[in-house]
Amino acid sequence: MVYLNGNFIQKNKAYISVMDRGFLFGDGVYEVFPIYNRHIFGLDPHLNRLQDGLDSINIKNPHTKDEWISLINKLISFNKGSDDQAIYLQVSRGCDEDRNHTHGDLKPTVYIQSTGLNSRSKEILLRGGSAISRDDIRWSQCNTKATSLLANTMYAQEAKENDAEEAILCRDGVITEGSSSNVFIVKNNCIYTHPKGPLILSGITREIIIDCANHCGIDLKEIAFGKEALMNADEVWISSSTREVFPITNIDDQQINNGQVGPIWSLIYNQYQALKGIKA
């Protein structure tokens, strides 16, 4: 069951017009909400970022906060198979009469779907994962969570074809983020991550990890770092709503920390899990 423009319907019966600007141009924004035990995790930050995204591309928010919550919770209730879910919510600018780069005042298209979320256990995560590094050639407004994700999907596909978890991106010598994640490194018991700004999408999970570090009394600095710092880090992680905090132990076939997951990751992971029973 999915939600499309006012109706809850079977996914295989959900259709949009070929004149929808989300289909033609990727003209829209989206959010992914993790659901734990049928509760929305990080609700307010996700809805705030949705509003920021809509504002950044001049689309009027089609629903109030209470309306969004009601729609999401109803969709959660339809998914009987899993208490943990991932909600994908997309708002496009809507349908025009013909394909034009410019547009008038259109009614947004709203699409929401739910899929089961199977978080990997700590035992599995302690094996670590691999990543590849690539030059970041995307546009310079990466802080907008736009549906036009061609470059990101190509990076992700390349990672998949190299049996890697993620592609870590580097722009002008600076590590920015992953194709669908934020990047953290640890050096001498201090955590580093790229600062907020137009070169990264500041993830909600990224913000939760910063809060976890503060709770655990671990130093964390939001400053830029380069490829050498990445490759010589004591620990490397990536984060996203569906991956949570994921340890990377191999980049471009070079081991990080002799291929071992580090102790700082374990502290952050444990604190993150403690929060999952709370509506953050």
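Could you let me know the centre-to-centre spacing of the range 74-127 and the range 51-73, using Cα atoms, in angstrom? Using only Cα atoms, the two centres lie 13 Å from each other. Quick one: if the Förster radius is 35 Å, what FRET efficiency do Q255 and Y88 give, using the C-beta to C-beta distance and rounding to 0.05? E(calc), rounded to 0.05, equals 0.50. Seen from D105, the other residues with C-beta closer than 15 Å to its C-beta sum to a net charge of +1, counting Lys and Arg as +1 and Asp and Glu as -1. Under 23 Å of direct C-alpha separation, and excluding same-chain neighbours fewer than eight residues apart, K187 reaches these lysines: K122, K196, K221, K227. Counting 0.36 nm for each residue step from R127 to A274 and taking away their Cα separation leaves a gain of 50.8 nm. Label reach from K74 (point 7 Å along Cα→C-beta): in the range 29-58, no amide nitrogen lies under 11 Å. Divided by 2.2 N^0.38 Å, where N counts the residues, the Cα radius of gyration of the range 122-275 comes to 0.95. Within a straight-line Cα-Cα reach of under 30 Å, K11 can be paired with the following lysines, leaving aside sequence neighbours fewer than 8 residues apart in one chain: K60, K65, K74, K80, K107, K145, K160, K276, K279. Between helix 150-161 and the chain there is an angle of about 50 degrees, using the helix long axis and the longest principal axis of the Cα atoms. Applying the Kirkwood pairwise sum to the alpha-carbon positions of the range 27-86 produces a hydrodynamic radius of 12.3 angstrom. Of the options [x] 132; [y] 204; [z] 118, only one is volume of the Cα convex hull per residue in Å³ as computed from these coordinates, and that is [x].
What residue among G42, G203, G226 shows peak mean-square fluctuation when the chain is described by a Gaussian network model with Cα springs under 10 Å? Highest fluctuation among the options: G226. Taking 0.36 nm per residue of separation and subtracting the Cα-Cα distance, full extension of the segment from T64 to S119 would add 16.8 nm. Seen against the Cα atoms of the chain and their longest principal axis, helix 65-78 is set at about 80 degrees. Look at the dipole of the chain built from charges on Cβ: of L230, Q10, N258, the Cα furthest out on the positive end belongs to Q10.
Take the Cβ atoms of S56 and V18, set R0 to 45 Å, and the FRET efficiency comes out at 0.95. Considering only Cα atoms, the convex hull volume of the range 1-46 works out to 110 Å³ per residue.
In loop segments of the range 114-203 as defined by DSSP, the trypsin sites (Lys or Arg not before Pro) with at most 15 further C-beta atoms inside 10 Å of their C-beta are R120, R127, K196.
The three principal axes of the C-alpha atoms in the range 2-116 carry coordinate ranges of 44, 31, 19 Å, sorted with the longest axis first.
Since every read-out is calculated from the coordinates, none of them should be taken as a lab result. None of these values were measured; they are calculated from a predicted model. All Cβ positions, even for glycine, are placed from backbone atoms using ideal geometry, and neighbour counts span all protein chains on display.
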